[in-house]
Number of protein chains: 2
Amino acid sequence: MAAASSDVPQDLHSEFLRNNADFAAKFEDGSLPLPPARQALVLACMDARLHPEKVLGIRIGACHCVRNAGGRASDDAIRSIAISQRLLGTKEVHIVHHTDCGMLTFTNDQIAAKIKTDLGVDVAGRDFLPFPDLDQSVRDDVAIVKASPLVAPGTVVHGYVYDVTTGKVRVVA
Amino acid sequence: MAAASSDVPQDLHSEFLRNNADFAAKFEDGSLPLPPARQALVLACMDARLHPEKVLGIRIGACHCVRNAGGRASDDAIRSIAISQRLLGTKEVHIVHHTDCGMLTFTNDQIAAKIKTDLGVDVAGRDFLPFPDLDQSVRDDVAIVKASPLVAPGTVVHGYVYDVTTGKVRVVA
């Protein structure tokens, strides 16, 4: 019954706390330093099917991980990269977008209309950073990071597309 | 030799591709739908020691995960939450900050000075969202999400602090 599962309180909060007690009971990484060991930052989509650490085999303490809707090189992602590079010594960026992304399914006008209808708020003109072409979105974000004045000149930036049906990443940039 | 490990090219790119081949060879989650199964979004810091999915026991496909420097409720995090709620059906937000966070170690003036020195760029006046009080930063971000006109009224928002030395989360809000 889909309706029931959606309407009944799920108490994910309590579940998270139980899961964390299990995690903490086996925890062995308590003395890792603040700077990422591999001096790298991963920028990925927030998609629930994409767990960047699993997909790329990233160990605890190895890499910063920034995520947002689309894995876009937004102004806020650049803020995070600048802090990561200037204060915590990272030197390269790996950008991961993915197939079947929600950002391929709407335009700014469409989400503005939905927000107006659902919440009564006018966000016309705001860019929610959707994209119509997956590979191009990766190339665009690689270019934005490389061109940002807040990113160290010469920073290596790699771009990937993750296939949510196969678990494989494909190099795009 | 720390200097050598920092200067020699590490080829993390090739390592990621090898790790991904191993991941894809055992991949079994290829038919999950786009909307997160648990109708929730986690907003967490980008810190390399914090893997939210491991810490909270989040399965592939279960929750959106947004991350940035500090796990802050930035304008871009609100963009992601709005897309998550309006288009993909999430209904609650779980915010995770952590002990020994880099955001506790600087002020906007200090990072602006460092960016000016290192990159020659003037970012005076820009807010990099550092914070002096960890618990208060969580409470602040919970309040920002709850008050945002782009977030559905009545959205449940939980706030946690993760202890990087013990692996335990503590409920703050």
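Derivation of every value follows stated rules applied to the coordinates shown; laboratory data play no part. Please read all numbers here as calculations on a predicted model, not as lab measurements. No Cβ is skipped: glycine too gets one built from the backbone with ideal geometry, and neighbour counts run over all protein chains shown.
Quick grid of which residues meet (1) at the interface with another protein chain (Cβ under 7 Å from one of its Cβ atoms); (2) surrounded by 21 or more Cβ atoms within 10 Å (Cβ to Cβ):
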residue: A:Ser14; (1), (2): no, no
residue: A:Phe23; (1), (2): yes, no
residue: A:Glu28; (1), (2): no, no
residue: A:Ala40; (1), (2): yes, yes
residue: A:Ala48; (1), (2): yes, yes
Kindly state which helices (runs of 4 or more DSSP H) lie completely within the range B:56-173 and contain at least 1 residues that are under 15 Å from A:Arg79 (Cβ atoms) and within 11 Å of another protein chain (Cβ to nearest Cβ). B:75-88, B:108-119
Condition first: in contact (Cβ under 8 Å) with a residue 40 or more places away in the chain, of a type in the set (Gly, Ala, Ser) and touching a strand residue (DSSP E or B) at 6+ places or on another chain (Cβ under 9 Å). Can you find one or more residues in the range B:139-155 that meet it? no
Answer yes or no: is there a residue in the range B:106-123 that is touching a residue at least 24 places away in the same chain (Cβ under 8 Å) and farther than 25 Å from A:Arg126 by Cβ. yes
Against the condition on the phi < 0 side of the Ramachandran plot, surrounded by 21 or more Cβ atoms within 10 Å (Cβ to Cβ) and under 14 Å from the mean Cα position of the chain (by Cα), how does B:Asp75 come out, does it pass? no
Determine which member of the set B:Thr165, B:Thr105 is in contact with a Gly (Cβ under 6 Å, 6 or more places away or on another chain), surrounded by fewer than 18 Cβ atoms within 10 Å (Cβ to Cβ) and closer than 24 Å to A:Ile60 by Cα. B:Thr165
Which residues, taken from the range A:17-55, are more than 23 Å from A:Cys101 (Cβ to Cβ), basic (Lys, Arg) and assigned to a loop (DSSP other than H, G, I, E, B)? A:Lys26, A:Arg38
